[in-house]
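Trainee: Take this structure first; my questions come after.
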Amino acid sequence: MPTPKKNSTIILEADVDDLTHAGEGVVKIGGRVYFVPGVLPGEAIRFTAGRKRRGKFNGRLQEILRVSPHRVEPACTYFGVCGGCTFQHLAEDRQRESKEKILLDNLERIGKTVPGTVLPPLSGETWHYRRKARPGCKFVPGKGGILVGFREQGSSYLTSLRHCLTLDDRLSVLLDPLHELIAGLHCARQVPQLEFAAGDDAVAVVLRHLVPLTGGDVDRLKAFAEQQSVQLHVQPSGLDSIRPLWPKDPEPLAYALTDYDVRLEFAPADFIQVNGGVNAAMVRQGMELLRPAPGEHVLDLFCGLGNFTLPMARLGARVTGVEGDSSLVDRGAANARANGLEGAEFLSMDLCSGDMAPLAELGFNKLFLDPPRSGALEVIQGLVGQAMPERIVYVSCNPATLARDAEVLVHRHGYVLSHAGAINMFPHTAHVESMAVFQRPTPRR
């Protein structure tokens, strides 16, 4: 295969074989693999071959010569430019199937195991589902001034968004007026980022600013917040500097898990699952698979502010939630008290340190894991072999690290991967959330 030289163009035609985990089409020609956004398996395409960058060859679509029957018209006018969504051109049922395939392929290839039961993919509302987001802001004179939006596909540039079909309606409608608001601030060129957070009954915007606000800035921000009926918080430095600007004493943001009569309060910058409906279904499935019961002690690691901890306690188990972020630990403990759940306690601990001895001494019989993208390898290596809980439910936001950890649980510690399934937490994106269950085998008599 010829390699395109600088300022030269090579046009190729080929069939698309597969999709990557990032939603790019995989095209193989003459021993070389190209990655082309915006195409689907089975399509015949004409594309421009790019030079090798960061270890891979990229391509730019020119024309679809044979269209996949699973292709649909993207609903969003920004699709193909904004990097927030990569799957809007793929029918929704095929999106779910693709994510399930990614999960199972990782488990088999990396984890060298397959689940006894494949759980049906969890899904919910596919538009206006996102209750947390972090849009960027930038002053770009050549594009009309202030831009507010998400990064472009494969670029550090921002897409200027006036609406977003994945954001909660109450957040999407803020994008357009925020352009005008920020453009009118004295500190407009020093506002790099916003944070959106939506609870069941209230919405908050956090404005990150790198220079002090003027009195005029404060007045404009307060007027905007009052007009839009949102809480407005300001952040002059780190996360601990966030404070409310309007109203002065806002009601806490909160969401309910009605299946378990639980209400969880959170701060605007706290981590919560972005899709409220799918989160409720995920918690329900987690409880059905873990089956916490009175008399049992469950260890809930990477517990956050108690999303799974409190439902377990409501079902009668004694639960110890452990989290590295001390502010989330405080919030979790406060949520337990507010919900009258004396069976839930929260501890702050670095779960990536490798020292799991304090946890091994707690005497738990079931384990729940909801780690970040890096996975839970330190916990599994340092804790599971000592404690050998009878059942482990593992919620993952990265199928590759879940598969890596599954390989250790199954082939080193003797667990059986009894269940696994995909969770469509982020419809129209390539993000794959999943849940897996590992069962300790019953000793032979």
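The values are calculated or read from the model by the stated rules, or taken from the named source; none is laboratory data. As the structure is a computational prediction, the values presented were derived from the model and not from experiment. Backbone-built Cβ (ideal geometry, glycine too); neighbour counts: all protein chains shown. Ligands, DNA and RNA are excluded from the accessible area calculation, which covers all protein heavy atoms including side chains. Shrake-Rupley method; radii C 1.70, N 1.55, O 1.52, S 1.80 Å.
Trainee: Assess whether residue 370 counts as being closer than 23 Å to residue 283 by Cα, surrounded by fewer than 20 Cβ atoms within 10 Å (Cβ to Cβ) and under 27 Å from the mean Cα position of the chain (by Cα).
Mentor: Numbers: closer than 23 Å to residue 283 by Cα: yes; surrounded by fewer than 20 Cβ atoms within 10 Å (Cβ to Cβ): no; under 27 Å from the mean Cα position of the chain (by Cα): yes.
Against the criterion (closer than 23 Å to residue 283 by Cα, surrounded by fewer than 20 Cβ atoms within 10 Å (Cβ to Cβ) and under 27 Å from the mean Cα position of the chain (by Cα)), residue 370 does not qualify.
Trainee: Please work out which residue is modelled with the highest pLDDT, limiting yourself to the range 329-360 and to residues that are surrounded by fewer than 19 Cβ atoms within 10 Å (Cβ to Cβ) and either within 22 Å of residue 433 (Cα to Cα) or of a type in the set (Ser, Thr, Tyr) (or both).
Mentor: Per the stated criteria, the residue is 348.
Trainee: Do we find a residue being open to solvent by less than 10 Å² (accessible area, probe 1.4 Å), in contact with a His (Cβ under 8 Å, 6 or more places away or on another chain) and under 20 Å from residue 308 (Cα atoms) anywhere in the range 408-427? Reasoning before the result, please.
Mentor: Of all residues in the range 408-427, those open to solvent by less than 10 Å² (accessible area, probe 1.4 Å) come to 408-409, 415, 417, 420-425, 427.
Checking which are in contact with a His (Cβ under 8 Å, 6 or more places away or on another chain) leaves us with 425.
Now narrow it down to the ones that are under 20 Å from residue 308 (Cα atoms): 425.
Yes, some residue in the range 408-427 is open to solvent by less than 10 Å² (accessible area, probe 1.4 Å), in contact with a His (Cβ under 8 Å, 6 or more places away or on another chain) and under 20 Å from residue 308 (Cα atoms).
Trainee: Turning to a different aspect of this structure: Is it the case, given these coordinates, that residue 418 is touching a helix residue (DSSP H, G or I) at 6+ places or on another chain (Cβ under 8 Å) and more than 21 Å from residue 318 (Cα to Cα)? Reasoning before the result, please.
Mentor: Values: touching a helix residue (DSSP H, G or I) at 6+ places or on another chain (Cβ under 8 Å): no; more than 21 Å from residue 318 (Cα to Cα): yes.
Criteria not met by residue 418.
Yes or no, residue by residue, for (1) open to solvent by 60 Å² or more (accessible area, probe 1.4 Å); (2) closer than 27 Å to residue 160 by Cα:
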site: 21; (1), (2): yes, yes
site: 28; (1), (2): yes, no
site: 42; (1), (2): no, no
site: 55; (1), (2): yes, no
site: 68; (1), (2): no, no
site: 78; (1), (2): no, yes
site: 82; (1), (2): no, yes
site: 89; (1), (2): no, yes
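Trainee: Filter the range 234-250 down to residues that are part of a loop (DSSP other than H, G, I, E, B) and closer than 21 Å to residue 273 by Cβ, then give me how many there are.
Mentor: First pass over the range 234-250, keeping only residues part of a loop (DSSP other than H, G, I, E, B): 236-238, 242, 247-250.
Retained after the next criterion (residues that are closer than 21 Å to residue 273 by Cβ): 242.
The qualifying residues number 1.
Trainee: I'm trying to understand the selection: among the residues of the range 252-287, which are crowded, with 18+ Cβ neighbours inside 10 Å, under 22 Å from residue 117 (Cβ atoms) and more than 17 Å from the chain's Cα centre (by Cα)?
Mentor: Within the range 252-287, 285, 286, 287 qualify.
Trainee: Among the numbered criteria (1) of a type in the set (S, T, N, Q); (2) open to solvent by 20 Å² or more (accessible area, probe 1.4 Å); (3) in contact (Cβ under 8 Å) with a residue 24 or more places away in the chain, which one does residue 159 miss?
Mentor: Here residue 159 clears every test but (2).
Trainee: Residues that are loosely packed, with under 13 Cβ neighbours inside 10 Å and touching a Cys at 6+ places or on another chain (Cβ under 9 Å): does the range 193-209 have at least one?
Mentor: no
Trainee: Looking only at residues in the range 127-145 that are out of contact with any Leu (no Cβ under 8 Å at 6 or more places or on another chain) and at pLDDT 95 or above, which one is farthest from residue 178 (Cα to Cα)?
Mentor: Among those that are out of contact with any Leu (no Cβ under 8 Å at 6 or more places or on another chain) and at pLDDT 95 or above, it is 129.
Trainee: Got at least one residue in the range 175-192 being of a type in the set (Gly, Ala, Ser) and either within 24 Å of residue 240 (Cα to Cα) or in contact (Cβ under 8 Å) with a residue 60 or more places away in the chain (or both)? Talk me through it step by step, then tell me what you get.
Mentor: Residues of the range 175-192 that are of a type in the set (Gly, Ala, Ser), as a first pass: 183-184, 188.
Pick out the ones that are also either within 24 Å of residue 240 (Cα to Cα) or in contact (Cβ under 8 Å) with a residue 60 or more places away in the chain (or both) and you get 188.
Within the range 175-192 (the criterion being of a type in the set (Gly, Ala, Ser) and either within 24 Å of residue 240 (Cα to Cα) or in contact (Cβ under 8 Å) with a residue 60 or more places away in the chain (or both)), the answer is yes, since at least one residue qualifies.
Trainee: Do you know which of the residues in the range 306-328 that are of a type outside the set (A, V, I, L, M, F, W, C) and surrounded by 24 or more Cβ atoms within 10 Å (Cβ to Cβ) is nearest to residue 259 (Cα to Cα)? It would help to see each step written out before you state the result.
Mentor: From the range 306-328, those of a type outside the set (A, V, I, L, M, F, W, C) are 306-307, 309, 311, 314, 316, 318, 320-321, 323-327; that's our starting set.
Restricting the remaining residues to those that are surrounded by 24 or more Cβ atoms within 10 Å (Cβ to Cβ) gives 306-307, 309, 311, 321, 323.
On the way: 306: 15, 307: 12, 309: 14, 311: 8, 321: 20, 323: 24 Å.
Out of the qualifying residues, it is 311.
Trainee: Suppose we filter the range 109-162 for residues that are in a loop (DSSP other than H, G, I, E, B) and aliphatic (A, V, I, L, M); how many remain?
Mentor: Within the range 109-162, the subset in a loop (DSSP other than H, G, I, E, B) is 110-116, 119-121, 123-129, 131, 134-135, 144, 150, 153-157, 159-162.
Next, only the ones that are aliphatic (A, V, I, L, M) stay: 110, 114, 119, 161.
Number satisfying all stated conditions: 4.
Trainee: Among the residues of the range 383-404, what is the count of those that are in contact (Cβ under 8 Å) with a residue 40 or more places away in the chain and surrounded by 21 or more Cβ atoms within 10 Å (Cβ to Cβ)?
Mentor: Looking only at that region, the number is 8.
Trainee: List every residue pair whose Cβ atoms lie under 9 Å apart, where the two residues are 6 or more positions apart in sequence or sit on different chains, the first residue falls within the range 96-117 and is on the phi > 0 side of the Ramachandran plot, and the second residue, located anywhere, is of a type outside the set (S, T, N, Q) and open to solvent by 60 Å² or more (accessible area, probe 1.4 Å).
Mentor: Final answer for the pair search is 112/411.
Trainee: I would also like to ask the following. Using beta carbons and a limit of 6 Å, which pairs, at least six apart or on different chains, have the first residue in the range 409-426 and of a type in the set (Phe, Trp, Tyr) and the second one open to solvent by less than 10 Å² (accessible area, probe 1.4 Å)?
Mentor: 415/409; 415/438
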